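Take a look at the structure below.
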Amino acid sequence: MLRGLAAIAADHPDRLRLDVAVTRADELFSALERSPVDLVLLDLHLADDSAAADTVTRLTALGVPCLLYTSELRPVPIRRALAAGARGLALKADSPATLLDAIDLAVAGEAAVSSELADLLARDKTLAAHLSQRELETLKLLASGIPRKAVGHRMEPPVAEATVNTYLLRATKRYAELGRSVSTATELIREAIRDGHLDP
C-alpha cells in the first residue's frame, strides 16, 4: 500500500502529500501525537491485526478524519469501520484519479467512495446477511471446532441445544432471504466468512 501511495503522491504533489506512513495502529497514534494530519488513509488489515473499527473509533474521538483504503471486498468489516466513523471507502484496485477524488471529498467532510463497487460494498444491504450477536456467537463457536451439542454451554450466558438450533435456523433463513441457500452449519460458516462476519 505504501509504495503505491508514494507513487501517487509523487505524480500528484498538488493533491496528495504523505506525512506519516505506518503499519500498526499504535504507531499511527504515536505519529499523530507528533504530527497532526488532514486525513488518515486506513487499511483494514494492519500488521498488528488491530480491529479497523476500533482504530476508526479512536481517530474519530481525536477529531481525525479517516478514509478506508483497502483491497478488502467483504462488506461486513467495511461497514463496521464506516459505522465507527470512517468518511468513506477507496479501493486499492480503483484508479489514482478516483482515489484522489475520494480523498478530496473526505477532507471536505463529505462521504466518499472511489467507485461503484466501493459504493455497493458500503451501502448495499443485500450483499451480506444481517446476523444477530447470538447467531454470530453460535457460528464463531462452531467455526472454532466446538461440537454443536457443546456450543450452548460455551455461550455467555449459556443456552439449551434447542436454542442453538434456533439461532442456526434463523441464520439460515437470513441467507435464504438473500438468495443464498445454505443447509448445513459448515455452509453457514462459509457464508459468514464470505461476508466478513468471521475471519477465515
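Derivation of every value follows stated rules applied to the coordinates shown; laboratory data play no part. Predicted, not measured: the structure shown is a model, and the values here were computed from it. Here the Cβ positions follow ideal geometry from the backbone for every residue, glycine too, while neighbour counts run over all protein chains shown.
Please name which of ALA192, PRO36, LEU127 has its Cα lying farthest along the dipole of the chain towards the positive end, using unit charges on Cβ (Lys, Arg +1; Asp, Glu -1) and the Cα centre as origin.
ALA192
Whole-Hz ³J(HN,Hα) for each residue in the range 145-153, computed from phi via Karplus 6.51 cos²θ - 1.76 cosθ + 1.60 with θ = phi - 60°, x for glycine and proline: what do you get?
Going residue by residue, I get x, 6, x, 3, 5, 9, 4, x, 6 Hz, with x marking Gly and Pro.
Run through the range 119-172 and list the trypsin sites (Lys or Arg not before Pro) located in a DSSP loop whose Cβ has at most 14 other Cβ atoms within 10 Å. Can you show the working numbers first?
Details: sites: ARG123, LYS125, ARG134, LYS140, ARG148, LYS149, ARG154, ARG170; in loops: LYS125.
Of the trypsin sites (Lys or Arg not before Pro), the ones in loops of the range 119-172 whose Cβ has at most 14 other Cβ atoms within 10 Å are LYS125.
Apply the Kirkwood formula to the chain: the hydrodynamic radius equals the inverse of the mean of 1/r over all pairs of different alpha-carbon atoms; give it in Å with one decimal. Each step should come with its number before you reach the end.
Numbers: mean 1/r = 0.0542 Å⁻¹.
Averaging 1/r across every pair of different Cα atoms and inverting gives 18.4 Å.
Can you figure out the FRET efficiency of SER183 with ALA150, using R₀ = 22 Å and their beta-carbon distance, to the nearest 0.05? Intermediate values should be presented prior to the final figure.
Working: r = 22 Å, r/R0 = 0.99.
It comes to 0.50.
Going toward the positive end of the dipole of the chain, with +1 on Lys and Arg Cβ and -1 on Asp and Glu Cβ, which of LEU73, GLY85, ALA118 do you reach last?
LEU73
Under unit Cβ charges (Lys, Arg +1; Asp, Glu -1), what dipole magnitude, rounded to 20 debye, does the range 133-195 have relative to its Cα centre?
Details: 11 positive and 8 negative charges, 15 e Å.
That gives the range 133-195 a dipole magnitude of about 80 debye.
Starting from the alpha-carbon convex hull of the range 13-97, give the projected area averaged over all orientations, in nm². All intermediate terms of the calculation are to be shown ahead of the outcome.
Numbers: hull surface 22.2 nm².
Hull-based average projected area comes out at 5.5 nm².
By how many degrees, between 0 and 90 and to the nearest 10, does the Cα long axis of helix 133-143 differ from the longest principal axis of the chain?
80
Around GLY88, which amide H atoms from residues at least 5 apart in sequence, or from another chain, sit under 5 Å from its own amide H, with H modelled in the peptide plane?
The list, which skips near neighbours in sequence, is LEU68, ALA112.
So if I place +1 on the C-beta of Lys and Arg and -1 on the C-beta of Asp and Glu, and nothing else carries charge, what would the dipole magnitude of the range 39-188 be about its Cα centre? I want it in debye, nearest 20. Please list the in-between numbers first.
Details: 17 positive and 18 negative charges, 150 e Å.
Charge dipole, the range 39-188, about its Cα centre: 720 debye, nearest 20.
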